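**Student:** If you scroll down you'll find the structure; I have some questions about it.
The values are calculated or read from the model by the stated rules, or taken from the named source; none is laboratory data. For clarity, every value in this text was computed on a predicted model and none was experimentally measured. Here Cβ is always computed from backbone atoms with ideal geometry, including for glycine, and neighbour counts include all displayed protein chains.
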Amino acid sequence: MKILGIEHIGIAVESLDKSAPFWREVLKISHRTTETVESEGVVTDIFDTGSGKVELLSALSEDSPVGKFLAKRGPGIHHICLQVDDIRSAIVELKAAGVELVKDEPSVGAEGYLVVFVHPRSAGGVLVELAERR
Ligand code: ZN
C-alpha cells in the first residue's frame, strides 16, 4: 500500500444550497461536479483546489451514515480521504495490522473511485476513507 496524497476532505452539511456558496463564491474553488452516491446515501458537491478536493456531503435520508452523523454531531468535518495505489492490497495490510474497517470489501464511491473506510476506533476518532482511482 502506498499513500499518494490527500484526495479530499468530506464535510457533512445540512444543505448544499446554503453551504456551497462559501466554497464556490467566497473561496472561489472550482466546482467540479455534483453527484449522488446511492451506496453511501449522499449527494456530494465536489470542489477541486487543484491539490486536494473538498466534498460537501448532504444526506439522502436520516438513517444514512451522513444523516446519523448530522443528528449526532451536527455539520462539520466528516472524514478525510487518502488516495492509495492499490485498495485491495491496502485492505489486506490494514487487516493484518489489526485495523478495523467499516466494510471489508471496497465499494464504488464518488467519481468512480474504489473506496473503503477505516473505523474511527482504529484511527484516533477520525473516519478515514481510502480511495483508488480506477
Ligand atoms: Zn469521501
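**Student:** Please go through segment 34-43 and pick out each residue that is among the polar types (S, T, N, Q) and more than 17 Å from L130 (Cα to Cα).
**Tutor:** Here is the first cut: in segment 34-43, the ones among the polar types (S, T, N, Q) are 34, 36, 39.
Passing the criteria: T34, T36.
**Student:** Please tell me if I91 is assigned to a helix (DSSP H, G or I) and among the aliphatic types (A, V, I, L, M). Walk me through it before giving the result.
**Tutor:** On the way: assigned to a helix (DSSP H, G or I): yes; among the aliphatic types (A, V, I, L, M): yes.
Considered against the rule, which asks whether it is assigned to a helix (DSSP H, G or I) and among the aliphatic types (A, V, I, L, M), I91 comes out as yes.
**Student:** Considering only segment 13-71, state which residues are within 16 Å of G112 (Cα to Cα), touching a helix residue (DSSP H, G or I) at 6+ places or on another chain (Cβ under 8 Å) and in a helix (DSSP H, G or I).
**Tutor:** Correct list: E40 only.
**Student:** Now a separate question. Would it be correct to say that H31 is touching a strand residue (DSSP E or B) at 6+ places or on another chain (Cβ under 6 Å), of a type outside the set (A, V, I, L, M, F, W, C), under 18 Å from A131 (Cβ atoms) and at pLDDT 95 or above? Steps first, please.
**Tutor:** Values: touching a strand residue (DSSP E or B) at 6+ places or on another chain (Cβ under 6 Å): yes; of a type outside the set (A, V, I, L, M, F, W, C): yes; under 18 Å from A131 (Cβ atoms): no; at pLDDT 95 or above: yes.
For H31, the condition - touching a strand residue (DSSP E or B) at 6+ places or on another chain (Cβ under 6 Å), of a type outside the set (A, V, I, L, M, F, W, C), under 18 Å from A131 (Cβ atoms) and at pLDDT 95 or above - is not met.
**Student:** A further question on this structure: Among the residues of segment 116-127, are any of a type in the set (G, A, S) and crowded, with 20+ Cβ neighbours inside 10 Å? Steps first, please.
**Tutor:** From segment 116-127, those of a type in the set (G, A, S) are 122-125; that's our starting set.
If we keep only those that are crowded, with 20+ Cβ neighbours inside 10 Å too, we end up with none.
No, segment 116-127 contains no residue that is of a type in the set (G, A, S) and crowded, with 20+ Cβ neighbours inside 10 Å.
**Student:** Considering each residue of segment 82-125, count those that are hydroxyl-bearing (S, T, Y) and more than 13 Å from the ligand (Cβ to nearest atom), and give that number. Reasoning before the result, please.
**Tutor:** First, pick out the residues of segment 82-125 that are hydroxyl-bearing (S, T, Y): 89, 107, 113, 122.
This time we only want the ones that are more than 13 Å from the ligand (Cβ to nearest atom), so: 89, 122.
Qualifying residue count for the region: 2.
**Student:** Only one of V37, V43 is crowded, with 16+ Cβ neighbours inside 10 Å, more than 23 Å from G125 (Cβ to Cβ), within 14 Å of the ligand (Cβ to nearest atom) and modelled with pLDDT under 95. Can you tell me which? It would help to see each step written out before you state the result.
**Tutor:** Details: V43 fails: modelled with pLDDT under 95.
Matching residue, one of V37, V43: V37.
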